[in-house]
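The values are calculated or read from the model by the stated rules, or taken from the named source; none is laboratory data. Fair warning: this is a prediction, and the values are worked out from it, not measured in the lab. For the accessible areas, the whole protein counts, side chains as well, though only heavy atoms, and no ligand, DNA or RNA atoms are used. Shrake-Rupley method; radii C 1.70, N 1.55, O 1.52, S 1.80 Å.
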Amino acid sequence: MGGRGVDGTPIFDELRGLFDESHGRVDAPSRSGSGPRTEAENADRPPAKIVVTGGRGVGKTTFVTSVSDTDPVTVKAATDVGRVTLHRDLLLYLLGTAEPSQAAFAGALGAVVLVDPRRVEDAFAMITYFERSDVPFIVAVNMFDGELRHELDEYREALALHPDVPLTTCDARNPESAARTLQELVSYTMNIGGSDHSPPPEVPV
Amino acid sequence: MDTISMRSNRIRLYALTGGRTRPRHHLLVETLISVPHYDPQFSAGLLPESRALYELARKTISMAELSAHLTIPLAVVRVLISDLAAQDMVFIHPTGFVYQYDQIILERILDGLKKLPV
Ligand SMILES: Nc1nc2c(ncn2[C@@H]2O[C@H](COP(=O)(O)OP(=O)(O)O)[C@@H](O)[C@H]2O)c(=O)[nH]1
Ligand SMILES: [Mg+2]
């Protein structure tokens, strides 16, 4: 069963090598001798991570909670981590935080920037942050009172959002809506991964 | 679960980590930790915080959950877990660093998300 995940699909051993070498970050204890692989070493795939961010009170904790398996844990003030079991061998961690942090966002496959329709300006800083980072992001207007007061295009304009960045609406309290928003992000990450997308436009300082 | 007394928390944690803030390993919130070969004698010889981490990691657990369950700051958990890893007593699982560029795994993540909520 060595080299196979619990569902029988191959574990990406080459990829693991890549983590070890190119980042020098994963120092697994050296495998001693020829004994059987332990359960830990025969581990599942590395977990994935998505960042859920936006201004305070925008619904990050609500979003992470609604789609996670169990209640998220709070690692520090205003930072929640939720876990979603996508497959038996593949976990997704959701990091809900208002603070941009290169260390915390490292390795994320993307970010959802939540926008409060009554306070769009709260999202400016985070959008600027992601425009300058390598982490793909989409923007989702959390519809607190059930309906948008303006057309989505008007929000795009108000947010000065690049036309290529997906803009959508969501209901952070609704697990299906939160899951659909995450799907949009992953689809977007897939799309830009294939083409050689141009860097984001320069933002005047 | 053991809760650790938070008496003179800062001083205690400073002493524990020897003032080190930079761990030798890059440990993210989602990085999974486990104990490959549990050793009760080793556990008994550890300081309470490290012992609590070691015991919790007998079942594979994330850095975020370790920090939250023991109410030990993430930065301190990083240093203590690094020390345990340096002694080969815990296994630091790889993280999905290149998933952003891996179409096959992204497809699988998408597929999992489409089946939510279960
Ligand atoms: N009516 C409504 N309330 C929401 C929604 N999302 C969040 N809230 C509420 O807004 C407040 C702030 O949400 P929270 O998730 O804690 O925001 P955070 O600071 O971004 O984590 C809480 O009282 C939530 O119950 C929503 O979609 N509709
Ligand atoms: Mg919150």
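Shown for the range A:76-97: residues covered by the partner protein chains by 20 Å² or more of accessible area relative to the chain by itself (probe radius 1.4 Å), namely A:Val81, A:Arg83, A:Leu86, A:His87, A:Leu90, A:Tyr93. Between the range A:95-129 and the range B:97-116, the alpha-carbon centres lie 21 Å apart. Solvent-accessible area per residue in the range B:32-118 equals 40 Å², computed with a 1.4 angstrom probe and all protein chains kept. Pull out a ≥ b ≥ c, the square roots of the eigenvalues of the alpha-carbon gyration tensor of the range B:33-77, then state rounded if a/c is under 1.5, prolate if not and a/b is larger than b/c, and oblate in the remaining case. Here the range B:33-77 falls in the oblate category. Once the 1.4 Å probe is applied to the protein heavy atoms, the range A:48-197 comes out at 42 Å² accessible per residue. Here the range A:66-117 was treated as a single set of alpha-carbon atoms; its pair distances binned every 10 Å from 0 give 21, 54, 24, 1 percent. Residue ranking by accessible heavy-atom surface, 1.4 Å probe, largest first, among A:Phe105, A:Phe124 comes out as A:Phe124, A:Phe105.
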